[in-house]
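Participant: Below you'll find the structure I mean.
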Amino acid sequence: MKRICVFCGSRPGRDDTFLALARSVGAELARRGIGIVYGGGRVGMMGALADAALEAGGEVIGIIPHALERAEVAHQGLTALHVVISMHERKAMMGNLSDAFLALPGGFGTMDELFEALTWQQLGYHAKPIALLDNGDFFAPLMALLQRMLDDDLLTIESYGRVRLARSLDEILADPEMAQALTLARGVRQ
Ligand code: AMP
């Protein structure tokens, strides 16, 4: 089964659109037979994503550090929950188990995970596609910052071009690289 690693907020967000986006992405991925790898929490957008995918019969793998599991934020109803020692180990495992990355709106944790995936891709540690999915214009300031990095020659046009911003999962899956990553037979993992 192909899997996508989803980064999203551990908080529910200011209005219903954030949870609604997480729920619809979870349900739609399950419907398409794409497994989810995520941070393993039962809170906020993370919990909504996992619950919706599970309700739709999807596979959801959570990876949570020991300290957060003990804080009882871990989701106990997942297909699998891996408890790891550190945040570093968690991020490495999330990437290794996935074929592509998807960031939804979120806070520091989401941005940290997104930027690590982008940085590692830029350095050639992986070649898995990365997309952002918006519920409005949440990512507009981030895209403006990336444009600024490009204008100031702090980012190459190739790296800039690898950040795909979409308004729907259909749009993301229509991207040839995404479609290929999420539909071809699973190869050897790093
Ligand atoms: P944030 O965007 O700061 O809410 O952080 C969300 C991201 O960081 C998720 O994609 C998780 O992988 C990780 N994370 C942050 N808080 C938690 C939590 N309470 N439980 C599990 N994972 C979390």
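Participant: So what's the angle, to the nearest 10 degrees on a 0 to 90 scale, between helix 87-96 and the longest Cα principal axis of the chain?
Facilitator: 80 degrees
Participant: Hand me the trypsin sites (Lys or Arg not before Pro) from the range 1-81 located in a DSSP loop with no more than 10 other Cβ atoms within 10 Å, in residue order please. Spell out each step's value before the answer.
Facilitator: Values: sites: 2, 3, 14, 23, 31, 32, 42, 70; in loops: 2, 14, 32, 42.
For trypsin sites (Lys or Arg not before Pro) across the range 1-81 that sit outside H, G, I, E and B with at most 10 neighbouring Cβ atoms in 10 Å, the list reads 14.
Participant: Compute the long axis of helix 108-122 from its Cα atoms, compare it with the longest principal axis of the Cα atoms of the chain, and write down the angle in degrees, 0 to 90, nearest 10.
Facilitator: That works out to roughly 50 degrees.
Participant: What number, in percent, do you get for the relative contact order of the chain if the mean sequence gap of Cα pairs under 8 Å and at least 6 apart is divided by its residue count?
Facilitator: Numbers: 345 pairs, mean separation 42.2, N = 190.
Reported as a whole number, the value is 22 percent.
Participant: Would you mind putting 146-154, 47-55 in packing order, based on average other-beta-carbon counts within 10 Å, highest first?
Facilitator: Numbers: 146-154: 11.8, 47-55: 22.6.
Ranking the peptides 146-154, 47-55 by packing returns 47-55, 146-154.
Participant: By how many degrees, between 0 and 90 and to the nearest 10, does the Cα long axis of helix 140-151 differ from the longest principal axis of the chain?
Facilitator: Rounded to the nearest ten degrees, it is 40.
Participant: Then there's this: Rank 124, 57, 35 by mean-square fluctuation in a GNM of the chain with C-alpha springs under 10 angstrom and give only the top-ranked residue.
Facilitator: Comparing 124, 57, 35 in a Gaussian network model of the chain, the most mobile one is 124.
Participant: Follow-up question, since we're still on this one. Kirkwood hydrodynamic radius (Cα pairs, Å) of the range 1-143?
Facilitator: On the way: mean 1/r = 0.0675 Å⁻¹.
Evaluated on the range 1-143, it is 14.8 Å.
Participant: First check a/c for the range 1-78, with a ≥ b ≥ c the square roots of the eigenvalues of its C-alpha gyration tensor; if it is under 1.5, answer rounded, and if not, answer prolate when a/b is larger than b/c or oblate otherwise. Kindly include the intermediate steps, with their values, before the conclusion.
Facilitator: Numbers: a/c = 2.00, a/b = 1.15, b/c = 1.74.
Note, shape of the range 1-78 comes out oblate.
Participant: Next up: Carbon and sulfur atoms: what percent of the 1.4 Å accessible area of the range 99-163 do they account for? Walk me through the numbers before you get to the answer.
Facilitator: On the way: 2000 of 3280 Å².
C and S fraction of accessible area: 61 percent.
Participant: Still on this model: Under the rule of at least 5 residues apart or a separate chain, name every residue whose amide H is placed under 5 Å from the amide H of residue 78.
Facilitator: none
Participant: Using modelled backbone amide H atoms (1.01 Å from N, in-plane), which distant-in-sequence or interchain residues come within less than 5 Å of residue 7's amide H?
Facilitator: Counting only residues 5 or more places away or on other chains, the set is 102, 103, 104.
The values are calculated or read from the model by the stated rules, or taken from the named source; none is laboratory data. On a predicted model such as this, the values are computed, not experimentally measured, just so you know. As a convention, Cβ positions derive from the backbone with ideal geometry for all residues, glycine included, and neighbour counts pool all protein chains shown. Accessible surface areas use protein heavy atoms only, side chains included; no ligands, DNA or RNA. Shrake-Rupley method; radii C 1.70, N 1.55, O 1.52, S 1.80 Å.
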